[in-house]
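Asks: Here it is: the structure, laid out below.
The values are calculated or read from the model by the stated rules, or taken from the named source; none is laboratory data. In this text, all values refer to a predicted model and were calculated from it rather than measured experimentally. Note that each Cβ is placed from the backbone with ideal geometry, even for glycine, and that neighbours are counted across all protein chains shown.
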Amino acid sequence: MLSTTIIIVSTLICISLIMNLLRLLRGPDLPDRILALDTLYINSIGLILLFGLYKGSALYFESALLIAMLGFVSTAAICKYLLRGDIIE
Amino acid sequence: MNLIWVPLLPLLGTLVPLLTERGGRTLCAWATALLPALSLMIILSHAPSVLSGATLKSALPWIPALDLELAFRLDGLGLLFSLLILGIGLLVILYARYYLSPKDSMGRFYCYLILFMTAMLGIVLSNNLIQLWVFWELTSISSFLLISFWSDKREARRGARMALTVTGAGGMALLAGILLIGNVVGSYSLDQVLASTIQIRESGYYPAILVLMLLGAFTKSAQFPFHFWLPHAMAAPTPVSAYLHSATMVKAGIFLLARFYPVLSGTDMWFLIVSLTGLTTLLLGAYFALFKHDLKGLLAYSTISHLGLITLLLGMDTKLAAVAAVFHIINHATFKASLFMAAGIIDHESGSRDMRKLNGLWKYMPYTATLAMVAASSMAGVPLLNGFLSKEMFFSETLHQSTLGSLSWIVPVLATCGGVFSVAYSLRFIHDVFFNGEPIDLPRTPHEPPRYMKLPVEILVALCLLVGILPGYVIGDLLNSASSAVLQGLVPSYSLAIWHGLNLPLAMSTVALIGGLLIYYNRRVLFQFQAQFPEKDAKEVFESLMQSIIAGCRWLNERLENGSLQRYLMLMLLLTIALTAAPMMSLNQTTGSRPQLPADGVTITGAALLILGALATVIWHRKRMIALLTLSIVGLIVSVTFARFSAPDLALTQLSVEVVTIILLMLALFFLPQRTPKESSPHQMMRDLALSAAVGGVVGTLCYALMTRPFHSISEFFLANSKTGGGGTNVVNVILVDFRGFDTLGEITVLGIAALGIFKLINRMRLFMPAGDERGRPWSDDRYPMILAVVSQLLLPLALLVSVYIFLRGHNMPGGGFIAGLITSVAIIQQYVAHGVDFIKDRLKLNYQWLIGSGLLIAMMTGLGSWVAGRPFLTSWFDHFHLPLIGDFELASAMLFDLGVYLTVIGATLLILANLGKLTTAERPVLTKEEL
């Protein structure tokens, strides 16, 4: 049951990853791209969690946690860049 | 006493003059002389056994792994040179006490002088060729310092530079020669080299070895065509000239010839090169000495000529010639050092060294004049003086050699010519200076020097007389022992008597004396003849040669290093292709035998994302912000890939590095134009495209071929030993802090240094700041958005908790100091982003430089700690403990080391990022309404 679910969900996530990439490439504006990148981060968190479930190992959750935290930091920094140009002032 | 003390005591003695300088000049001189005197006593205590034929040896391990040791040996040759170096050295110390003026720094002078003494002793006592070479270079350096002692004089600086360049280049040749000898013999030990005569002579390298060694010796001993530096080195203070340029340093080349005489001589090549060089130098030096108006210039050329004479003797194919060479080394050192000292006294007391002005000094300083005249007569080869004896031996040897076949008669004839000029310039020294009318406008009225300034000259002149009258008693044993060391065998019988009956050498001496008188008497004709030649200053020639070499190097450097990074990258990649593609041509099958993993949809998606992200980065590389975003995709996918293929440590590291890098890039991007101008021409783009495709293809194929083959790596070893040896189950971390802990220590040191360097570079930097974004819109007024600030503050404790957790479990599970440090830094950077530098400065009282320092210190101390336990540096220690409530836990010294890594990483990251951020804290330009 679980393995079937994992296959279905990871297929969906892969599709959304590709769509994220397309959005990032197409733009048209910088905020679109930033949002696309952030969603890409979130989707890869999902992918890693799924992989952890599949392997039955807790190690992957930490990677996911770190991606979540660091993804937030980098998105925030990029947004600050758009806003003020200088991220640490 | 051990032989090692002989050079070691003067080496310690280099500090003595610096320390005693304030105690007055006399005290400084006495204190300086103390340690060399002790060395001399050690040598003298060994002298009886050496004179009876023993060779003393002593060695200390230096770098045992490289088969290097500090090895010293004392044989007859070493004894002779040590006595010259220490004996004349002590006299020069006494002499310099009175020679130097109160304005000169006596401590510095003595310090250099003793350093030079150490170096010379090291050369003559070395039993290891590499060690000999090190001391050899040390003489070049210390003599550079001594020649340029009066560094405010231009000619002193130039003379010193010239001497250093010539002797330094010779030193390089010598090193090459020594390395070749070591290659042939298989050892650098002098004992073994001296025992491998046949091996060296018959190896194909012999010509190269000979030429290289001779280059070293000839440059040092000022042999033609490298003689030109010696006259210019006369810009040195006279004690230096007396010591270095007559008695010791220039004899180092001769010493080298004598030392390797048993190994290198005995072939036609040796005889031809050495004897012809010696003969040319002998004649050239003797001829030009006559025309020098400067007292020291005359003595310098005369030294060149006498060095040529010794070289010629060593280049002759008889054993007696080698004995004569050794004898002349002694005699020349005594009479030439005393002549230089006398010239120094004359210069000191009359203010000039120009022989056109110095006349009739006999009236003013009869005592010094007598001494100088005796020494000069010895130089001319007048009977009853030591110079006569060795010259007589020289003449007799020129008659017995057959180097030039049927033309060998030329050698004695030319030798007599050299003798004639030698008499002529000695006469000029005596007659021009002490007689020949009255002095012509000298700066001072000449008078006798202080009592003790004459003492060294008296001692040396007394030696000239003693050796000259009673050679057998005074010098016989030493000469015999030194000669047998040169010949490495039995010394042929020779007679040191003054009177050998009416024979050809005596006739040659007589011809030389009479011819010299005649030439001096008719000197005006010769001077007129010589005046026809345009004066050519070796200094100018040398200087222009140096300039053109430097210009050539610069030209080459500009060709290779034109500042274009694309170009460097291209060259590097081309080389990579050349190196990797060639072996791959011979690889018949690309796919190996290893079973391949199935490719699932998720992996393929990841690969597609990776490829497209990389492509997009390349395509949009001129739009910097977008390129940064697409680059982030690559970073993310790489991290996920690491996680997917069971490398969680790498995944965590890659993720945190990724974020820090992006923040760093954005900080820098603010100051840069948002779009890069188009820099590559279509041609270059085609070239780069082809090159990168080729490199990608080659490396990709290489990876594929490698991954599809079964192979064993060293990871098996780490997996097996990580728990037992390092006390941790996380192999990656154990490698970092234990197996390769020393590497890590080096890396964090580099990290710390880089951070400090960046800090220093940007500390006071003020840069142009754009007033609006790339479309010209003004920046938002909201400096610290509220939501961001609140969320970031919430994030901080959580992030710190994660980092502590990752740090603590790092030894057994994925994590460790490096990742934890990066996470902490990112968390703090987030506060900087959300609240600004000023806010953090008030709340976080952390000095990042101090943090780097303490991190490095902790890591270093942990490493040193294992010394206390008697283990090698950075051996880790671990044990298990039990505490109530917590339970069992493990403590390892590696954790302390990891703490050092953690602190250094935080310090370095924050120092760089926060300071880059600080660049803009100052008020920035605001777009006015009109500009919008």
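Asks: Name the helices (runs of 4 or more DSSP H) wholly within the range B:623-717 that hold at least 1 residues that are under 30 Å from B:GLN830 (Cα atoms)?
Replies: Working: elements: B:624-644, B:648-669, B:682-707.
Of the helices (runs of 4 or more DSSP H) lying wholly inside the range B:623-717, those with at least 1 residues that are under 30 Å from B:GLN830 (Cα atoms) span B:624-644, B:648-669.
Asks: Could you tell me whether B:GLY853 is within 30 Å of A:ILE88 (Cβ to Cβ), more than 40 Å from the chain's Cα centre (by Cα), crowded, with 16+ Cβ neighbours inside 10 Å and in the same structural domain as B:ASN763 (by the TED database)?
Replies: Details: within 30 Å of A:ILE88 (Cβ to Cβ): yes; more than 40 Å from the chain's Cα centre (by Cα): no; crowded, with 16+ Cβ neighbours inside 10 Å: yes; in the same structural domain as B:ASN763 (by the TED database): yes.
Against the criterion (within 30 Å of A:ILE88 (Cβ to Cβ), more than 40 Å from the chain's Cα centre (by Cα), crowded, with 16+ Cβ neighbours inside 10 Å and in the same structural domain as B:ASN763 (by the TED database)), B:GLY853 does not qualify.
Asks: Here's another thing I want to ask about it. If a residue has to be more than 11 Å from chain A (Cβ to nearest Cβ) and either among the hydroxyl-bearing types (Ser, Thr, Tyr) or over 58 Å from the mean Cα position of the chain (by Cα) (or both) to count, how many in the range B:768-786 make the cut? Break it down stepwise before answering.
Replies: First, the residues of the range B:768-786 that are more than 11 Å from chain A (Cβ to nearest Cβ): B:768, B:776, B:786.
Imposing the further condition that a residue be either among the hydroxyl-bearing types (Ser, Thr, Tyr) or over 58 Å from the mean Cα position of the chain (by Cα) (or both) reduces the set to B:786.
Selection size over the range B:768-786: 1.
Asks: Would a scan of the range B:359-367 turn up a residue that is in a helix (DSSP H, G or I), free of Cβ contacts under 8 Å to residues at least 60 places away in the same chain and in contact with a Phe, Trp or Tyr (Cβ under 6 Å, 6 or more places away or on another chain)?
Replies: The answer is no; no qualifying residue exists.
Asks: Name every residue in the range B:790-828 that is over 20 Å from A:ILE87 (Cα atoms) and among the polar types (S, T, N, Q), in order of residue number.
Replies: Result: B:SER803, B:ASN812.
Asks: Now a separate question. When you go through (1) more than 13 Å from chain A (Cβ to nearest Cβ); (2) surrounded by fewer than 15 Cβ atoms within 10 Å (Cβ to Cβ) one by one for B:GLN793, which number turns out not to apply?
Replies: Unmet condition: (1).
Asks: Which of the residues belonging to the range B:641-660 are free of Cβ contacts under 8 Å to residues at least 12 places away in the same chain and facing chain A (nearest Cβ under 10 Å)?
Replies: Correct list: B:ALA643, B:SER646.
Asks: In this structure, is B:ALA789 in contact (Cβ under 8 Å) with a residue 60 or more places away in the chain and more than 51 Å from the chain's Cα centre (by Cα)?
Replies: Values: in contact (Cβ under 8 Å) with a residue 60 or more places away in the chain: no; more than 51 Å from the chain's Cα centre (by Cα): yes.
The answer is no for B:ALA789.
Asks: Test B:GLY87 against the criterion of being touching a Ser or Thr at 6+ places or on another chain (Cβ under 9 Å) and either surrounded by 14 or more Cβ atoms within 10 Å (Cβ to Cβ) or in contact (Cβ under 8 Å) with a residue 24 or more places away in the chain (or both), and give yes or no.
Replies: Criteria not met by B:GLY87.
Asks: Let me ask something else about it. So which of B:ALA607, B:ALA614 ends up being without any contact (Cβ under 8 Å) to a residue 40 or more places away in the chain, surrounded by fewer than 17 Cβ atoms within 10 Å (Cβ to Cβ), assigned to a helix (DSSP H, G or I) and under 50 Å from the mean Cα position of the chain (by Cα)?
Replies: B:ALA614
Listed here are the residues, each with its yes/no results for (1) of a type in the set (Phe, Trp, Tyr); (2) in contact with a Lys or Arg (Cβ under 8 Å, 6 or more places away or on another chain); (3) free of Cβ contacts under 8 Å to residues at least 24 places away in the same chain.
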{"site": "B:LEU856", "(1), (2), (3)": "no, no, no"}
{"site": "B:PHE873", "(1), (2), (3)": "yes, no, no"}
{"site": "B:PHE878", "(1), (2), (3)": "yes, no, no"}
{"site": "B:PHE889", "(1), (2), (3)": "yes, no, yes"}
{"site": "B:ALA892", "(1), (2), (3)": "no, no, no"}
{"site": "B:LEU903", "(1), (2), (3)": "no, no, no"}
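Asks: While we're looking at this one, here's another question. Quick check: anything in the range B:625-634 within 47 Å of the chain's Cα centre (by Cα), within 11 Å of chain A (Cβ to nearest Cβ), closer than 21 Å to B:ALA820 by Cβ and aliphatic (A, V, I, L, M)?
Replies: Checking the range B:625-634: not a single residue is within 47 Å of the chain's Cα centre (by Cα), within 11 Å of chain A (Cβ to nearest Cβ), closer than 21 Å to B:ALA820 by Cβ and aliphatic (A, V, I, L, M).
Asks: Filtering the range B:370-425 down to residues that are of a type in the set (Phe, Trp, Tyr), within 43 Å of the chain's Cα centre (by Cα) and farther than 20 Å from B:HIS500 by Cα, which residue is surrounded by the most Cβ atoms within 10 Å (Cβ to Cβ)?
Replies: Filtering the range B:370-425 down to residues of a type in the set (Phe, Trp, Tyr) leaves B:388, B:394-395, B:409, B:421, B:425.
Now restrict to residues that are within 43 Å of the chain's Cα centre (by Cα): B:388, B:394-395, B:421, B:425.
Now drop any that are not farther than 20 Å from B:HIS500 by Cα, which leaves B:421, B:425.
Values: B:PHE421: 27, B:TYR425: 29.
By that ranking, first place goes to B:TYR425.
Asks: Also: Does B:LEU736 satisfy being under 25 Å from B:GLY855 (Cβ atoms) and part of a helix (DSSP H, G or I)? Full working, then the answer.
Replies: Numbers: under 25 Å from B:GLY855 (Cβ atoms): yes; part of a helix (DSSP H, G or I): yes.
Judged against the criteria, B:LEU736 is a match.
Asks: Kindly indicate whether any position in the range B:290-298 is assigned by the TED database to the domain that holds B:PRO412 and within 32 Å of the chain's Cα centre (by Cα). Reasoning before the result, please.
Replies: First, the residues of the range B:290-298 that are assigned by the TED database to the domain that holds B:PRO412: B:290-298.
The next check asks that each one be within 32 Å of the chain's Cα centre (by Cα); those that pass are B:296-297.
Yes, some residue in the range B:290-298 is assigned by the TED database to the domain that holds B:PRO412 and within 32 Å of the chain's Cα centre (by Cα).
Asks: If you don't mind, another one. Can B:GLY816 be described as more than 10 Å from chain A (Cβ to nearest Cβ) and touching a residue at least 60 places away in the same chain (Cβ under 8 Å)?
Replies: On the way: more than 10 Å from chain A (Cβ to nearest Cβ): yes; touching a residue at least 60 places away in the same chain (Cβ under 8 Å): yes.
Against the criterion (more than 10 Å from chain A (Cβ to nearest Cβ) and touching a residue at least 60 places away in the same chain (Cβ under 8 Å)), B:GLY816 qualifies.
Asks: Could you list, in sequence order, the residues of the range B:629-670 that are surrounded by 20 or more Cβ atoms within 10 Å (Cβ to Cβ), among the aliphatic types (A, V, I, L, M) and under 30 Å from B:ARG766 (Cβ atoms)?
Replies: Correct list: B:LEU629, B:LEU631, B:VAL659, B:VAL660, B:ILE662, B:ILE663, B:MET666, B:LEU667.
Asks: Turning to a different aspect of this structure: Any residue in the range B:478-491 that's under 16 Å from B:LEU194 (Cβ atoms): show its pairings with residues that are of a type in the set (D, E, K, R) at Cβ separation under 6 Å, as long as the two are six or more apart or on different chains.
Replies: B:ALA485/B:ASP75; B:LEU487/B:LYS319
Asks: Further question on the same structure: Look through B:LEU179, B:LEU244 and report the one residue that is touching a residue at least 40 places away in the same chain (Cβ under 8 Å) and among the hydrophobic types (A, V, I, L, M, F, W, C).
Replies: Only one candidate passes the filter, namely B:LEU244.
Asks: Starting from residues that are out of contact with any helix residue (DSSP H, G or I) (no Cβ under 6 Å at 6 or more places or on another chain) and not in a helix (DSSP H, G or I), keep the ones in the range B:1-53 and report whichever is farthest from B:LEU83 (Cα to Cα).
Replies: If we take residues in the range B:1-53 being out of contact with any helix residue (DSSP H, G or I) (no Cβ under 6 Å at 6 or more places or on another chain) and not in a helix (DSSP H, G or I), then B:GLY24 is farthest from B:LEU83 (Cα to Cα).
Residues checked against (1) away from chain A (no Cβ under 12 Å); (2) in contact with a helix residue (DSSP H, G or I) (Cβ under 7 Å, 6 or more places away or on another chain):
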{"residue": "B:ILE823", "(1), (2)": "no, yes"}
{"residue": "B:HIS835", "(1), (2)": "no, yes"}
{"residue": "B:VAL868", "(1), (2)": "yes, no"}
{"residue": "B:HIS882", "(1), (2)": "yes, no"}
{"residue": "B:PHE897", "(1), (2)": "yes, yes"}
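Asks: Is it the case that some residue within the range B:178-197 is modelled with pLDDT under 90, among the β-branched types (Val, Ile, Thr) and either over 17 Å from B:GLU137 (Cα atoms) or in a loop (DSSP other than H, G, I, E, B) (or both)?
Replies: Looking through the range B:178-197, at least one residue is modelled with pLDDT under 90, among the β-branched types (Val, Ile, Thr) and either over 17 Å from B:GLU137 (Cα atoms) or in a loop (DSSP other than H, G, I, E, B) (or both).
Asks: Here is a list of conditions, (1) modelled with pLDDT under 85; (2) closer than 30 Å to B:GLY159 by Cα; (3) surrounded by fewer than 11 Cβ atoms within 10 Å (Cβ to Cβ), and B:PHE542 meets all of them except one; can you say which number that is?
Replies: Just one mismatch for B:PHE542, condition (3).
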